[in-house]
Structures are given as structure tokens and as C-alpha cells.
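J.: Here it is: the structure, laid out below.
The values are calculated or read from the model by the stated rules, or taken from the named source; none is laboratory data. These figures come from a predicted structure and were not determined experimentally. For neighbour counting, all protein chains shown are included, and Cβ atoms are generated from backbone atoms with ideal geometry for every residue, glycine included. Heavy atoms of the whole protein, side chains included, go into the accessibility calculation; ligands, DNA and RNA do not. Shrake-Rupley method; radii C 1.70, N 1.55, O 1.52, S 1.80 Å.
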Amino acid sequence: MSKQDLRRIEVLTEVLAGQRTTGSAASILNMSVRQTQRLLKRYQDGGGAALIHKARGRTASNRINVGIRDYALELVRQNYRDFGPTLAAEALRGRHGLEVSRETLRKWMVESGVWLSRKQRRSFHQPRLRREHYGELIQIDGSEHRWFEERAAPCTLLVFIDDATSKLMQLRFVPSESTDSYFQALRGYLQSHGCPVAFYSDKHSVFRIQRRDAKGGQGMTQFGRALAELNIEILCANSSQAKGRVERVNRTLQDRLVKDLRLAGVSDIDTANEFLSGFVERFNERFAIHAAKPDNLHRPLNVSAGRLNDILCYREQRYIGAQLSFHYDRKQIILERNEISESLAGKYVELYDNADGPLEVRWNGVSLPYRVFSKDQRVNHTAIVENKRLGHALALVKAQQDLRLTTRVMTNSEKGGYRKRPRKIYKQQMAIEAAMEVPAS
């Protein structure tokens, strides 16, 4: 019996005992007085079992035949085992002429174990314990968001957080995630805290070479090369849940920091970077905790300013051709002739490309003078742009399109040197020449 049936028995028993009227029972059972009287008579004649609906337990009149169910499931097992219910229902209808609704097929597949529901497919990640020492592991990530809401375009916030204490170590607003932006943030981190044991990041191309057959770079990115020279390890997480501490603080910052920037009236990246120092101090007082062990594993940055500039920049090697030139970043670099450069044909030179300074070409530590022949500077056609840099790349393309001039196509006559002269009228020309010949009186 259902709860509704038991409730009816209780109320009808009170009516038969004279404790309640039929009208009162009808009101409680939410039915008419006439229907209540019918139920009361059935209860008197047959007891509580007579109140159960006569259709209960019977097969539905529109129930699909069991043979059709088995046939549909067999087709799914043999041909569409990795299909979802929606796609499998479309395949059965289109390929086999078997009309079964998506929801009916989903129930059949779940009951037979062919398909797992969303709840059954849910995976659980084992929580990882914090590191015990401050400075042992620093999680880094970039969070693209409308940090200035509608006051400015979206940008990216680079976040450095200590795994042991949840302390914000470094925040920096940048247009997008790139090697240059991480170099700038890393410089500020090293100057403020020193060198940690390791950084923990995602698989962004700034940190990890995606292609196994990539040429050059000694198997590491520019950022990885810089960390190797500083004796800092870089580790990549296999999933976003593995670096959950920085992911969770990103969500917190997208709430708190956005509102603080609004209240402070900050609407641009430069002003926001100045604002961040005070915000980080307040945030750490509120949310940072103590490490399990008191040791600080940061090492002092025993590197001069000039050496640090050489580390935190793009560094590549280029082959010098017979004309003492090479190509880099869509530019042709031509070395000025001198005693050193004239002997470099067929050899490799080192390039130091710093975002804050000009490109420098060196040979055995000696800087070489050069001149640049620049090609059309634009985002390359069909260039590969990652999702995290798409907004910044589109803004750059839009700016280039606005500045680009429309080229006028020359005719073949113009290419040959022909220039159109204004039309002359013969009579007017004769009158002008005659007037010029009349002597003055």
C-alpha cells in the first residue's frame, strides 16, 4: 500500500467510528463527498485491500513489447556501445527503422548496464595534502576575466600562491598569458621572495613543449630554460583539480578583487598593478595559514641585475649566411661589417630578446651592431593561437586592420610611366597666346 492508501484507511476508520463526518473526510482527502462515500462503502465491504486501485500492477496498455526492448539493446551492444542515448536513438531510427524515444532508450541502457548515468560517471579526486614547508611548491596560473567589468576590456591576472600556506606570493595584471608576461611576474617574485624549490603549473605552452618532435630548445620552453638557469624546477599538473589551490583562489579573486577594483575606481592594468600590493597584504592577513613546519625553503637570488636580464628574456641561436644576415621574428637582421662579423659566415650567433629593450646579437659575449630590414608586421595568416591568448590576438588584429592602408592597383600604362595630362581647348589656347603677344601701351 502507498502512503495515500494508508491515509485514506485512517480517515475512513474515523468516519465509521463516528469521530468525523463524511464532509470533513472529503476535505482532508481532497476529493468530493460523493467519491468519499463510494470509498467508504468499498472499505466496509472489502476492507483496506478494496481501496487499492484496480489497475495497480497491471501492464500498461501502451507498453513496448519486451522483444522490441531486447532487440534494441542487442543492437546497441553490438554496434553503438559507446553511443549516448540521444545518438543511439537516432541511429536506431535512421539505420534500423526502430522508433524508440531517447528517454525510454536511456532507461533501458541504464537498467542493463550499457550506459552509466551522470551520477554514476562522476569521478572523485583524492585530496592532496599541503606541502609542509613555505616556499617548497608555488602554484602558478593565469585567470582571464573581466576584472574591470564593463569599464575596460578583459585581461589576465597571473597568480602565484604558496601550496603550504595559501599565501598569495605574486599577482600581476597582463594582457594575456605569454612568456614575456610570466618573465615580468617571475622577476617581481624573485626580487621579493627569492628562489623557491619548484613551480607547479598547467600544461600551457609557456611551461611545456607540446610537440614531441619539436626542434631546438633542448626539450624545454624559454620559461623552463630560465628556471633551469635559476635552479628552480617546473612541474606540470595532469588536471586542473591537481592544482586546485590556485584554481579556488582564482574564483575567490574573481569575486573579491573585482569588487575592490570597482570601489577604488581602477579601470586600467597599470593602475591595477599598483593597487595589488595593498590588496595582497589584506588578503593574506585574512586567508593565509601557517605551514606545518617553520622552515623557509626560499633561496637568496644571488644573481646580478644584468645577469637576471639575460636569463629572463628570449634566447635563441641563428645561423649567419654568406651575406652576414639572418631572419628573426619576420625581420631580416643584417650585421654591420667589422673585424668580428666578417668571420661569422657559416656560424651561429646568440640572440637576446628582452621585452623592455632592443634585440641584442652576441658572439662569445660580444654585442654586435646590426641593422633591420622589417617585413610587413602583422599576425601571421593561419597562425596557431591558443584559447587563453585569443582575445589579445584578436585585439591586435583589429588594431592592425584599422591602421592598414588600402593599396591602389596601378594600371599597365601607369606602370610604363604614362601620366595623364589635363585636356586643352585649341581656341582658348590661341586666345591666351595672342593676348600674351600684344605689346603694352
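J.: Could you grab me the full set of residues in segment 89-104 that are under 21 Å from residue 63 (Cβ atoms), surrounded by fewer than 16 Cβ atoms within 10 Å (Cβ to Cβ) and not hydroxyl-bearing (Ser, Thr, Tyr)? Don't jump to the end; show me each part of the working.
T.: Step one: filter segment 89-104 for residues under 21 Å from residue 63 (Cβ atoms), giving 89, 92-93, 96-104.
Now drop any that are not surrounded by fewer than 16 Cβ atoms within 10 Å (Cβ to Cβ), which leaves 93, 96-99, 101-104.
Those that are under 21 Å from residue 63 (Cβ atoms), surrounded by fewer than 16 Cβ atoms within 10 Å (Cβ to Cβ) and not hydroxyl-bearing (Ser, Thr, Tyr): 93, 96, 97, 98, 99, 102, 103.
J.: Of the residues that sit in segment 231-273 and are surrounded by 11 or more Cβ atoms within 10 Å (Cβ to Cβ) and acidic (Asp, Glu), which one is farthest from residue 312 (Cα to Cα)?
T.: Here the answer is 260.
J.: Here's a follow-up. Specify the residue that is modelled with the highest pLDDT; the eligible residues are those in segment 204-230 that are exposed (fewer than 12 other Cβ atoms within 10 Å of the Cβ) and out of contact with any Asp or Glu (no Cβ under 9 Å at 6 or more places or on another chain).
T.: Of segment 204-230, the ones exposed (fewer than 12 other Cβ atoms within 10 Å of the Cβ) are 210-216, 218-219.
Applying the additional criterion that residues be out of contact with any Asp or Glu (no Cβ under 9 Å at 6 or more places or on another chain) yields 210-215, 218-219.
On the way: 210: 70, 211: 66, 212: 61, 213: 56, 214: 52, 215: 52, 218: 53, 219: 64.
Going through the qualifying residues, I end up with 210.
J.: Output the number of residues of segment 269-293 satisfying the condition of being in a helix (DSSP H, G or I) and basic (Lys, Arg). Full working, then the answer.
T.: Looking only at segment 269-293, we keep the residues that are in a helix (DSSP H, G or I), and these are 269-287.
Those still in the list that are basic (Lys, Arg) too: 282, 286.
Qualifying residue count for the region: 2.
J.: Same structure, new question: What strands (runs of 3 or more DSSP E) lie completely within segment 295-361 and have 1 or more residues being without any contact (Cβ under 8 Å) to a residue 60 or more places away in the chain and of a type in the set (Asp, Glu)? Before the answer, list the steps.
T.: Numbers: elements: 314-319, 325-328, 331-335, 348-353.
Output list reads 348-353.
J.: Oh, and also: Inspect segment 132-139 for any residue being of a type outside the set (Asp, Glu), closer than 30 Å to residue 267 by Cα and not in a helix (DSSP H, G or I) and give the result as yes or no. Please lay out each step first, then the result.
T.: Here is the first cut: in segment 132-139, the ones of a type outside the set (Asp, Glu) are 133-135, 137-139.
Filter once more, keeping what is closer than 30 Å to residue 267 by Cα: 138-139.
This time we only want the ones that are not in a helix (DSSP H, G or I), so: 138-139.
The answer is yes; a qualifying residue exists.
J.: Then there is this: What are the residues in segment 265-301 that are over 24 Å from residue 190 (Cβ atoms) and in contact with a helix residue (DSSP H, G or I) (Cβ under 6 Å, 6 or more places away or on another chain), if any?
T.: Once the filter is applied, which keeps residues that are over 24 Å from residue 190 (Cβ atoms) and in contact with a helix residue (DSSP H, G or I) (Cβ under 6 Å, 6 or more places away or on another chain), segment 265-301 yields 266, 267.
J.: Still on this structure: Just name the residue that is nearest to residue 233 (Cα to Cα) out of those in segment 145-166 that are surrounded by fewer than 20 Cβ atoms within 10 Å (Cβ to Cβ) and in contact with a strand residue (DSSP E or B) (Cβ under 9 Å, 6 or more places away or on another chain). It would help to see each step written out before you state the result.
T.: The initial filter retains those residues of segment 145-166 that are surrounded by fewer than 20 Cβ atoms within 10 Å (Cβ to Cβ), namely 145-146, 149-154, 166.
Subset that is in contact with a strand residue (DSSP E or B) (Cβ under 9 Å, 6 or more places away or on another chain): 145-146, 154.
Values: 145: 28, 146: 32, 154: 31 Å.
My answer is 145.
J.: Now, a different point. Does segment 131-143 hold any residues that are acidic (Asp, Glu), crowded, with 20+ Cβ neighbours inside 10 Å and either in contact with a helix residue (DSSP H, G or I) (Cβ under 7 Å, 6 or more places away or on another chain) or farther than 14 Å from residue 245 by Cβ (or both), and which are they? Walk me through how you get there before you give the answer.
T.: To start, the set of residues in segment 131-143 that are acidic (Asp, Glu) comprises 132, 136, 141.
Subsequent filtering for residues that are crowded, with 20+ Cβ neighbours inside 10 Å retains 136, 141.
Result: 141, single match.
J.: Looking at (1) open to solvent by 10 Å² or more (accessible area, probe 1.4 Å); (2) in a loop (DSSP other than H, G, I, E, B), which one does residue 188 not meet, given that it meets all the others?
T.: Result: residue 188 fails condition (2) only.
J.: Being among the hydroxyl-bearing types (Ser, Thr, Tyr) and under 60 Å from the mean Cα position of the chain (by Cα) is the filter here; which residues of segment 5-59 pass it? Lay out the reasoning, then the answer.
T.: Applying the first criterion (among the hydroxyl-bearing types (Ser, Thr, Tyr)) to segment 5-59 yields 13, 21-22, 24, 27, 32, 36, 43, 59.
Within segment 5-59, 27, 59 qualify.
J.: Tell me, which residue of segment 40-88 that is in a loop (DSSP other than H, G, I, E, B) and among the basic types (Lys, Arg) is surrounded by the most Cβ atoms within 10 Å (Cβ to Cβ)? Before you say what the answer is, go through the steps one by one.
T.: Taking segment 40-88 first, the residues in a loop (DSSP other than H, G, I, E, B) are 47, 52-65, 80-84.
Checking the rest, the ones that are also among the basic types (Lys, Arg) come to 54, 56, 58, 63, 81.
On the way: 54: 7, 56: 9, 58: 9, 63: 9, 81: 11.
Looking at residues that are in a loop (DSSP other than H, G, I, E, B) and among the basic types (Lys, Arg), I get 81.
J.: Moving on. I need the full set of residues from segment 292-316 which are within 32 Å of the chain's Cα centre (by Cα) and open to solvent by 30 Å² or more (accessible area, probe 1.4 Å), in order please. Steps first, answer last, please.
T.: Here is the first cut: in segment 292-316, the ones within 32 Å of the chain's Cα centre (by Cα) are 297-298, 308-316.
Matches in segment 292-316: 297, 309, 310, 314, 315, 316.
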